[in-house]
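Encoded as structure tokens, the structure appears first; notes follow it.
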Amino acid sequence: MDILLVDGYNMIGAWPQLQKLKNVDFAGARSLLIEKMAEYQAYTGWKVIIVFDAYKVPGGIKITSRHFVDVIYTKENETADERIEKMAVALNDVRTQIHVATSDATEQWTIFGKGALRKSARELLIELENIEKNISDKLEQERFANHRGKISLSRDVAETFEKWRRGRQ
């Protein structure tokens, strides 16, 4: 089993789409990250756990689940890096490979020393974009396959007919 631990605010600070969104809707940026990680989880089959810093927020650790992705807000006086390190050790065993998504170089070395593999924010974004493109391509193929008539047509001819049907030339 593969588990991906994601430093949530690190991704929000590194991904251009989330960077822009956080400036106008910080909670929306968190939600969008969770949705994208749910897609990642569904496509890869990996368990995804997103950890958000609640370092200066009073209270204990808060764990929720959205779209089947575990979301953890650290306890007071605990950073996301500290929680990720603890989880990397606790979850790592013979049957489980831990991957950590963060662009924090110090954190990457620390978790690597604990037996986890690292993914930078950029690597995860590229992987996610490829997954989204693959999903889109599959949906397009399904749509095309489901709309074919009883007469076998080449893809080019079928697309031309579809344009004509929609009034486009």
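The values are calculated or read from the model by the stated rules, or taken from the named source; none is laboratory data. Predicted model only: the values in this text are computed from it and were never measured. Using ideal geometry, Cβ is built from the backbone for each residue, glycine included, and neighbour counts are taken over all protein chains shown.
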Exercise for the section: Within the stretch 53-66, identify whether any single residue is within 15 Å of the chain's Cα centre (by Cα), within 26 Å of Pro16 (Cα to Cα) and modelled with pLDDT under 90, and answer yes or no. Expected result: yes
Exercise for the section: Give Gln108, Gln141 a once-over and let me know the one that is part of a helix (DSSP H, G or I), touching a Lys or Arg at 6+ places or on another chain (Cβ under 6 Å) and of a type outside the set (A, V, I, L, M, F, W, C). Expected result: Gln108
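Looking only at helices (runs of 4 or more DSSP H) that fall completely inside the stretch 1-78, which ones have 1 or more residues that are touching a residue at least 60 places away in the same chain (Cβ under 8 Å)? Reasoning before the result, please.
Values: elements: 8-14, 16-24, 26-44.
Where helices (runs of 4 or more DSSP H) fall fully within the stretch 1-78 and carry at least 1 residues being touching a residue at least 60 places away in the same chain (Cβ under 8 Å), they are 8-14, 26-44.
Consider Met87 carefully, then state whether it is out of contact with any His (no Cβ under 9 Å at 6 or more places or on another chain), in contact (Cβ under 8 Å) with a residue 24 or more places away in the chain and loosely packed, with under 14 Cβ neighbours inside 10 Å.
On the way: out of contact with any His (no Cβ under 9 Å at 6 or more places or on another chain): yes; in contact (Cβ under 8 Å) with a residue 24 or more places away in the chain: yes; loosely packed, with under 14 Cβ neighbours inside 10 Å: no.
Criteria not met by Met87.
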Exercise for the section: Of the conditions (1) touching a strand residue (DSSP E or B) at 6+ places or on another chain (Cβ under 9 Å); (2) of a type outside the set (A, V, I, L, M); (3) closer than 18 Å to Leu33 by Cα, Gly115 clears all except one; give me its number. Expected result: (3)
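Answer yes if at least one residue in the stretch 139-148 is closer than 30 Å to Ala14 by Cβ and either hydrophobic (A, V, I, L, M, F, W, C) or out of contact with any Leu (no Cβ under 9 Å at 6 or more places or on another chain) (or both), and no otherwise. Steps first, answer last, please.
Taking the stretch 139-148 and keeping what is closer than 30 Å to Ala14 by Cβ, we get 139-140.
Filter again for either hydrophobic (A, V, I, L, M, F, W, C) or out of contact with any Leu (no Cβ under 9 Å at 6 or more places or on another chain) (or both), leaving 139-140.
Within the stretch 139-148 (the criterion being closer than 30 Å to Ala14 by Cβ and either hydrophobic (A, V, I, L, M, F, W, C) or out of contact with any Leu (no Cβ under 9 Å at 6 or more places or on another chain) (or both)), the answer is yes, since at least one residue qualifies.
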Practice task
Mind listing just one residue for me: the one in the stretch 121-134 that is more than 14 Å from Tyr43 (Cα to Cα) and in contact (Cβ under 8 Å) with a residue 40 or more places away in the chain and, of those, nearest to the chain's Cα centre (by Cα)?
Solution key: Leu125
